[in-house]
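**Q** Encoded as structure tokens, here's the structure I'll be asking about.
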Amino acid sequence: MAFLSPTKLPKIHTSPDDSSPTRRLKKVNLSWVRPLTAGLGSRYQQIAAQIVTAVEDGVLKPGDRLPPQRELAQALGVDLTTVTRAYTEVRQKGLLEAHGAGGTYVAYSESGTNGTIDLGMNIPPLLNSAEFAHMLAQGGGTTPTTASPMDLMSYHVGAGANRHRAAGAKWLQPMIGNTDIERVVVCSGAQTAIAALLLAKSQSGDAIACDELTYPGFLAAARLLQRVALGVKSDEHGMDPADLERVCEQHRPAALYLNPTIQNPTALTLSVARRAELLRVAEKYALPVIEDDPYWLLSERPPSTMFSLAADTSTVPVYYVSTLSKCIAPGLRTAYLVVPSGEPLSPVLDALRSLALMPTPWMAELATTWIESGAAVQWLARIKSEMQHRQTIAASILPGNIQADPHGLHLWLQLPRHIDPYRLTQTALQQGLGVTDSEAFATGSFSPAALRVSLGGAIDRTRLTHGLTRLAELLRGDVGRRVSNVV
């Protein structure tokens, strides 16, 4: 087939029927399309180069739809496989997203170069914003003036520098009240703290009671440390005290792990009454409690922590874990573990040392600087405001039964029974959308038809809207019906 003249492109004829291919082609951006020229490389490479140039120059913008391959092939006078090869070439560069029958679109690039919109990872929003970059630059610039190079770069084994522990106590004050800094341990993230508590409070082969659906990081730690994650049933109010008592009576677990505020993944928050009931069962069976509470500061109306309730009304030890990963930034790798009064610190410190030796001093210093200056509280308010907008967007787009906190990082989306969550997530991933199905949170065979949808990972509200709309299309409409038929 001869190459086209560089000065003339075949005219696209349109039909008054809006559903016709040529009519649809007219609606997409064609300003970037140029005739192909002999001697400038193969035809598919020329088409691919035109697309790349148009994206780089901003002629094609994220979310723009490309012409259907067959219509573009007709317009350029080439065969369909040539255009298909060109689109594939550019898609492999991460610049395009294929939506099946929905067409091919210019990709958003928030996850490296693969164009995937991340609705699967629970992280706070705005980490790419100019505001956060300014905060990071200010904090990073002041850190060396408040700590010596030896403080920042040498080994520091133990519970953390007193200044860092004091900052942790200040940060935790809204959650657990005034705390003796000698009970505060600085950790390199909540994951390390949880694993250390499992080591300190149980032995290989022991059962750890937890929600039937629970934080995957806890499940991973339990599996690696050869503990058995024993799921306790829930009702509409959260973990069922009666079933916890049954589990305690039958299996004698070594500890109870709970994520009681905006629970991951269901987004449920236990009431004070339900927390008190669970503490009574734990006290009856001398069951230490690990309260993993990363979302308390995000909650619209957070109840009293189990740590505080136990200090006032119970003899059961509650170990409190709060991370900065969910309300500031995961890269800080800083969390605070509070060992209850009367419980020894040494087993926990020994376990922490075996896992991570020490928290990273530079990160702990940066977190301390932000807490002391008030920047951390200000940023938390900014995150809560942003998440309120994002939750509102999600509620307006997603169909079905949604469970969420107004300021939470995630929501729990129940699916029609005939949709297989795993198949749905795989289909979504193929179309450039990351979500997490219920199987990732399951302790056993119980795995409901549901998704955890995380709202903080999309780099702005426009991309979030794009991703949520795409997910909604999979759940209803033509695309949703095709998914349903597959599963």
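The values are calculated or read from the model by the stated rules, or taken from the named source; none is laboratory data. Model, not experiment: these values are computed from the prediction. Note that each Cβ is placed from the backbone with ideal geometry, even for glycine, and that neighbours are counted across all protein chains shown. Heads up: the accessible areas ignore ligands, DNA and RNA and are worked out on the full protein's heavy atoms, side chains in. Shrake-Rupley method; radii C 1.70, N 1.55, O 1.52, S 1.80 Å.
**Q** Does GLY39 fit the bill of being at pLDDT below 90 and open to solvent by 60 Å² or more (accessible area, probe 1.4 Å)?
**A** So GLY39 fits the description; yes.
**Q** Among the residues of the range 392-402, what is the count of those that are farther than 13 Å from LEU119 by Cβ and open to solvent by less than 60 Å² (accessible area, probe 1.4 Å)?
**A** Qualifying residue count for the region: 2.
**Q** If you go through the range 343-357 one residue at a time, do you hit one that is in contact with a Gly (Cβ under 8 Å, 6 or more places away or on another chain) and either at pLDDT below 95 or farther than 23 Å from LEU324 by Cα (or both)?
**A** Checking the range 343-357: not a single residue is in contact with a Gly (Cβ under 8 Å, 6 or more places away or on another chain) and either at pLDDT below 95 or farther than 23 Å from LEU324 by Cα (or both).
**Q** Please go through the range 278-307 and give me each residue that is surrounded by fewer than 18 Cβ atoms within 10 Å (Cβ to Cβ) and either closer than 17 Å to GLU343 by Cβ or in contact with a Cys (Cβ under 6 Å, 6 or more places away or on another chain) (or both), ordered by number.
**A** GLU283, TYR285, ALA286
**Q** Considering only the range 197-213, how many residues are surrounded by 20 or more Cβ atoms within 10 Å (Cβ to Cβ) and acidic (Asp, Glu)?
**A** So the count comes out to 2.
**Q** Give me a count of the residues in the range 312-348 that are without any contact (Cβ under 8 Å) to a residue 40 or more places away in the chain and either more than 23 Å from MET121 (Cβ to Cβ) or among the acidic types (Asp, Glu) (or both).
**A** Residues in the range 312-348 being without any contact (Cβ under 8 Å) to a residue 40 or more places away in the chain and either more than 23 Å from MET121 (Cβ to Cβ) or among the acidic types (Asp, Glu) (or both): 11 in total.
**Q** Got at least one residue in the range 470-483 being more than 25 Å from ALA107 (Cβ to Cβ), touching a strand residue (DSSP E or B) at 6+ places or on another chain (Cβ under 6 Å) and open to solvent by 20 Å² or more (accessible area, probe 1.4 Å)?
**A** Among the residues of the range 470-483, not one is more than 25 Å from ALA107 (Cβ to Cβ), touching a strand residue (DSSP E or B) at 6+ places or on another chain (Cβ under 6 Å) and open to solvent by 20 Å² or more (accessible area, probe 1.4 Å), which makes the answer no.
**Q** Would you pick out the residues in the range 96-132 that are modelled with pLDDT of 85 or more and part of a helix (DSSP H, G or I)?
**A** Passing the criteria: GLU131, PHE132.
**Q** Out of all the residues in the range 353-379, which are among the hydroxyl-bearing types (Ser, Thr, Tyr) and either on the phi > 0 side of the Ramachandran plot or open to solvent by less than 10 Å² (accessible area, probe 1.4 Å) (or both)?
**A** Listed by number, the list holds a single entry, THR368.
**Q** Another one. Consider ARG382 carefully, then state whether it is charged (D, E, K, R), open to solvent by 20 Å² or more (accessible area, probe 1.4 Å), modelled with pLDDT of 95 or more and at negative phi.
**A** In short, yes.
**Q** For residues that are over 25 Å from the mean Cα position of the chain (by Cα), assigned to a helix (DSSP H, G or I) and not acidic (Asp, Glu), tally how many sit in the range 205-252.
**A** Residues meeting the conditions: 8.
**Q** While we're here: I'd like the full set of residues that are in contact with a Gly (Cβ under 8 Å, 6 or more places away or on another chain) and open to solvent by 10 Å² or more (accessible area, probe 1.4 Å), limited to the range 312-324.
**A** PRO317, the sole residue that qualifies.
**Q** Just name the residue that is most open to solvent (accessible area, probe 1.4 Å) out of those in the range 439-462 that are within 22 Å of SER325 (Cα to Cα) and assigned to a helix (DSSP H, G or I).
**A** Looking at residues that are within 22 Å of SER325 (Cα to Cα) and assigned to a helix (DSSP H, G or I), I get ARG461.
**Q** If you don't mind, another one. Do we have any residue at all in the range 276-283 that's touching a residue at least 40 places away in the same chain (Cβ under 8 Å), out of contact with any strand residue (DSSP E or B) (no Cβ under 7 Å at 6 or more places or on another chain) and of a type outside the set (A, V, I, L, M)?
**A** No: zero hits.
**Q** Report yes if some residue within the range 331-340 is crowded, with 17+ Cβ neighbours inside 10 Å, among the small types (Gly, Ala, Ser) and within 27 Å of THR369 (Cα to Cα); otherwise report no.
**A** Within the range 331-340, one or more residues are crowded, with 17+ Cβ neighbours inside 10 Å, among the small types (Gly, Ala, Ser) and within 27 Å of THR369 (Cα to Cα).
**Q** Here is a follow-up. One residue is enough: does the range 80-95 have a residue meeting the conditions surrounded by 14 or more Cβ atoms within 10 Å (Cβ to Cβ), touching a helix residue (DSSP H, G or I) at 6+ places or on another chain (Cβ under 8 Å) and either at pLDDT below 80 or under 30 Å from ALA375 (Cβ atoms) (or both)?
**A** Yes; the residues of the range 80-95 include at least one that is surrounded by 14 or more Cβ atoms within 10 Å (Cβ to Cβ), touching a helix residue (DSSP H, G or I) at 6+ places or on another chain (Cβ under 8 Å) and either at pLDDT below 80 or under 30 Å from ALA375 (Cβ atoms) (or both).
**Q** Also, quick follow-up: Could you look through the range 246-277, keep only residues that are closer than 18 Å to ALA207 by Cβ and of a type in the set (A, V, I, L, M), and pick out the one that is most open to solvent (accessible area, probe 1.4 Å)?
**A** Among residues in the range 246-277 that are closer than 18 Å to ALA207 by Cβ and of a type in the set (A, V, I, L, M), the one most open to solvent (accessible area, probe 1.4 Å) is ALA254.
**Q** Can you name the residue in the range 422-438 that is in a helix (DSSP H, G or I) and open to solvent by 20 Å² or more (accessible area, probe 1.4 Å) and is also farthest from PRO125 (Cα to Cα) among such residues?
**A** For the range 422-438, the residue satisfying everything is ARG423.
**Q** Here is a further query. In the range 273-287, which residues are farther than 12 Å from ASP240 by Cα, touching a Pro at 6+ places or on another chain (Cβ under 8 Å) and basic (Lys, Arg)?
**A** Across the range 273-287, the qualifying residue is only ARG280.
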